[in-house]
Structure formats: structure tokens, C-alpha cells
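Enquirer: Could you have a look at this structure, given as C-alpha cells, before my questions?
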Amino acid sequence: MKKIAVLLILAMTVVFAGCGSNESADSDKKEEKTEDTSKEDAKDDSAEDVLADGVLTVGTNAEFPPFEYVGDDGEPDGFDIALIKAIGEKLGVDVEVENMEFESLVASIGNKIDVAIAGMTVTDERKNAVDFSDSYYQAVQYVIVPLDSDIKEASDLNGKNIGVQLGTTGDFMVEDFEGATAAQYNKAVDAVNDLINGRVDAVIVDKNPALVFEGKFSDKIKALDFSFEPEDYAIAIPKGDEKLLNAVNDALAELKSDGTFDELVNEYIEN
Ligand code: ARG
């Protein structure tokens, strides 16, 4: 059965190839025209590949304000969401956002979702599974503690029970502190609630969400900067999909040069 199918495809290819060569032999002018159209086709193709159906399906984990959170209308909102929608506009495609667990984002890229934007730090390990766009934001891990905590510097985290969001760079850092244990949560805010309830000693989470949580519960907790290694956020893209990678990077560069990017930073992050 398979053999027959292969033969059929081969036969058809030969027939089509034949048509092509007959036509192109007709005249030089026609050849030129054919070439022009095929160039246009190639251009269309890249948009199409980005998105066979004209839709860019984006995975996020809307538990990370101000980059992503569930808005009043129940839909994901935040800096990342606005940024990827602006990128979609540049690419001429619709953007559909899927809210999922942070932990499953990387494995879903290329199947359930086309790309992921989730305040995701570029790491060597993730690079084994996905490619990353140019970085769009620099971040750093902060430590949240109760107002009366005895944790004053990084080494005070040794031996502590530290709340983190599962599968994040904050989670991966806990092993750097001798004798410390990671209490893993699906949402950073749940870790923060347990910090307030006294079930964990500290929470490690990225700076901007840490500042949002601090602002929300400023009568109970504070966010500390221990000058950990800076991290770069980027959009995760299926490994090897150069067309999509270039399209996203071009759109990102345009948004930076036309001022849209800074407007979004002002609107969502630095306010
Ligand atoms: N930057 C950290 C990481 O990449 C945390 C990201 C968490 N993002 C989220 N949307 N929950 O691991």
C-alpha cells in the first residue's frame, strides 16, 4: 500500500515538473513574471508558516504580575501578553493565548502552542529543548521574607524552607543554599500566602512579581535584593524554526525602534 502511494506521488511529481518546464520555456518575459510571483509567495510563506492558519498560539502562565496575570475580564493580560499581541500584529496574524502551568510550557512548544512568553529566563537547559528570541527584559531573583525575618543576606537562606514556583529559576536556585529545602507551588502567590502564614521562611521569585507581591501585602512582607545573577527573558520558539525566530526577532526590533516597546514598559512595568 505504502509503495503504491509513493509511486503515485512520484508519478504526479513527474507530471507537474513536466508542466512547469513546458510553461517556463514559453518566453523570457513569462519566466521573469513567474520568478517575481514566486518571490512574493516565499514572503507569504513565511507568514503562513508562522502560522498555517493565520493564528499564533501562545502559551503563558498568567500568575506572574506584571508580566502576565488574569485580568478583570478573566483573560490573560500583562506586559508579555501586550508584547506578543503587538508582535502578532506586525506579523499579520491573530494571537491566541493559552494559560497553562509554567512547568509544562517548554514541552508544549511546537505541539500545543507555537511559542511561549512567560517572563521565561533563557537557560542552557531550556536551550536544549527550544530556541529563544532576542532577549526583551533583564530580571533578577528577589527574596521575599516576613517583615520581622532574621534573613538579611543570601547566606541566611542556608537551611531554610524556601517557597518557589515549580520549575522556575527561583526553584533551581534553592540547591545553592546548603541544607535549604524547596517548597514548590504551582503559583508564586501561593508560596507568598504560605510565607504570610508562616509555613515557609522565604520566597524566591523574580524581582518585578516580588515587588508586586510586596506592594499587595506591605504590612506583612518585604522584598530583598541580594544581587543574584541577572537573567534574560525571551520568547521560547520551537527548536530549529528559523523562519519563526527571525520573524519574531524582526517584529521585536521594530517595536523597539518605533517606541511601542517602551510604551508597554511604561504602561505595565514601570508605573
Ligand atoms: N523567570 C523565571 C523562569 O524563567 C520565572 C518565570 C515564571 N513565569 C510565569 N509566568 N509564571 O523560570
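The values are calculated or read from the model by the stated rules, or taken from the named source; none is laboratory data. The structure presented is a predicted model; accordingly, all values stated were derived computationally and were not measured. Cβ: placed from backbone, ideal geometry, glycine included. Neighbour counts: every protein chain shown.
Enquirer: If you go through the stretch 182-190 one residue at a time, do you hit one that is surrounded by fewer than 17 Cβ atoms within 10 Å (Cβ to Cβ) and away from the ligand (no atom under 16 Å from the Cβ)?
Expert: No - not one qualifying residue is present in the stretch 182-190.
Enquirer: For the stretch 195-241, what are the residues that are buried (at least 20 other Cβ atoms within 10 Å of the Cβ), within 22 Å of ALA139 (Cα to Cα) and more than 25 Å from the chain's Cα centre (by Cα)?
Expert: ALA202, ILE221
Enquirer: Also, I was wondering about something else. Considering only the stretch 162-181, how many residues are in a strand (DSSP E or B) and more than 11 Å from the ligand (Cβ to nearest atom)?
Expert: Total meeting the criteria: 3.
Enquirer: Report yes if some residue within the stretch 237-248 is at pLDDT 95 or above and under 30 Å from ALA191 (Cα atoms); otherwise report no.
Expert: Scanning the stretch 237-248, I find at least one residue that is at pLDDT 95 or above and under 30 Å from ALA191 (Cα atoms), so the answer is yes.
Enquirer: Can you report the number of residues in the stretch 224-239 which are among the small types (Gly, Ala, Ser) and out of contact with any Gly (no Cβ under 9 Å at 6 or more places or on another chain)?
Expert: 2
Enquirer: Right, ALA180: under 25 Å from ILE221 (Cβ atoms) and touching an Asp or Glu at 6+ places or on another chain (Cβ under 7 Å) or not?
Expert: When the stated conditions are applied, ALA180 does not pass them.
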